[in-house]
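A quick write-up on the structure given underneath.
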Amino acid sequence: MKLFIDTAITEEIREAASYGIISGVTTNPSLLAKSGRKLEDVIEEITTLVNGPISAEVTEADADTMYNQAKQIVKEINNENITIKLPMTIDGIKVCKKLSSEGIKTNVTLIFSVPQAILAMEAGATFISPFMGRMDDRYDSHDAGYNLIEEIDEVRRIYGYKSKIIAASIRNVEHVKEAALAGADIATIPFKVIKQMYEHPLTTSGLATFKKDAEGK
Ligand code: E4P
């Protein structure tokens, strides 16, 4: 499973990229607001840090305006990794179809059901983003997010859709494991959780013992 980082804080992206395991970046308007910077500035900087798909989300609701906004982002950044993140709405899917037919990478976001995933895959989305954490919250369940991804993956297999599944809204390392087991191609993960993936209490205690033994204590 490929690992993307889910943030618009470029210091986090720079640090995670130095670990050598990051293949792409996702941002959204809430993450951008936290960065306090303009979308184009942040995305432009990210292109210098990670050589992989970088999702920039549109904010317009109407299809024509959304399409123009997407084209403007693509033109301004002018980098083949730019991926236009689109909302799971009638307008968003219309724009997905249009951009996909023009060869522009797309990521349909806020997917919470298999029928929504089918719409996005039919429209030729490069990526679709089911949200694990928010699914678990909504249904007060530990496996709602897992089941959603597993079912989308099954439908994709039956019909031969090419869209890649990005497990989004990852809150903890358990979600990372579930995303992988459910068949996600990619998990987009907050920086804090990426760091937690390296940790296990037995690794920590094992290392302490090895260190002590190596020093002959
Ligand atoms: C996906 O691309 C989104 O940016 C993100 O994963 C949303 O996660 P949240 O539910 O923690 O806001």
Based on the mean of other Cβ atoms within 10 Å per residue, sort peptides 194-207, 18-31, 94-107 so the most packed one is first.
-> 94-107, 18-31, 194-207
Using the Cα atoms as the points, what is the convex hull volume per residue of region 1-55 in Å³?
-> 67 Å³
In order over region 66-76: 3J(HN,Hα) from phi, Karplus 6.51/-1.76/1.60, θ = phi - 60°, whole Hz, x for each Gly or Pro, gives 5, 4, 4, 4, 4, 4, 5, 4, 4, 5, 5
In nm, to one decimal, how far is the residue 76 label point from the residue 143 one, both placed 7 Å along Cα→Cβ?
-> 4.5 nm
Hydrodynamic radius of the chain per Kirkwood, over alpha carbon pairs, in Å | 18.0 Å
extent check for region 105-199: Cα max minus min per principal axis, descending, whole Å, gives 38, 28, 20
Residue-by-residue Karplus 3J(HN,Hα) for region 94-110, coefficients 6.51, -1.76, 1.60, Hz, glycine and proline x | 4, 5, 4, 4, 5, 5, 4, 5, 8, x, 8, 5, 10, 9, 8, 10, 6
Counting only the backbone N, which residues of region 157-180 are under 16 Å from the spot 7 Å out from the Cα of residue 199 toward its beta-carbon?
-> 171-176
Collect residues whose amide H, placed 1.01 Å from N in the peptide plane, falls under 5 Å from the amide H of residue 25; neighbours closer than 5 in sequence don't count.
-> 5, 54, 55
Just from its helices, what would the mean residue ellipticity at 222 nm be for the chain, if runs of 4 or more DSSP H residues each count -39500 (n - 2.57) and the sum is divided by every residue, rounded to the nearest 500 deg cm²/dmol?
-> -16000 deg cm²/dmol
By average C-beta atoms within 10 angstrom, highest first, the peptides 138-151, 1-14 = 1-14, 138-151
Distance violations [Cα-Cα > 23 Å] among 97/162; 85/195; 34/75; 2/97; 105/195; 34/192 = 85/195; 34/75; 2/97; 105/195
Pull out the extension gain between residue 34 and residue 48, defined as 0.36 nm times the separation in residues minus the alpha carbon to alpha carbon distance; nm, one decimal.
-> 3.0 nm
Taking Rh as the Kirkwood radius computed over alpha-carbon pairs of region 1-107 and applying Stokes-Einstein at 20 °C with viscosity 1.002 mPa s, one gets a diffusion coefficient in µm² s⁻¹ of 154 µm²/s
What ³J(HN,Hα) values, in whole Hz, does the Karplus curve 6.51 cos²θ - 1.76 cosθ + 1.60 give for region 14-30 when θ = phi - 60°, with x put for Gly and Pro?
-> 4, 5, 5, 4, 5, 6, x, 10, 9, 10, x, 9, 10, 10, 8, x, 5
Mean projection area, nm², convex hull over Cα of region 70-139 | 4.9 nm²
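Every number here is computed from the coordinates shown, using simple stated rules; none is lab data. Everything numeric here is computed off the predicted structure, so don't read it as measured data. All Cβ positions, even for glycine, are placed from backbone atoms using ideal geometry, and neighbour counts span all protein chains on display.
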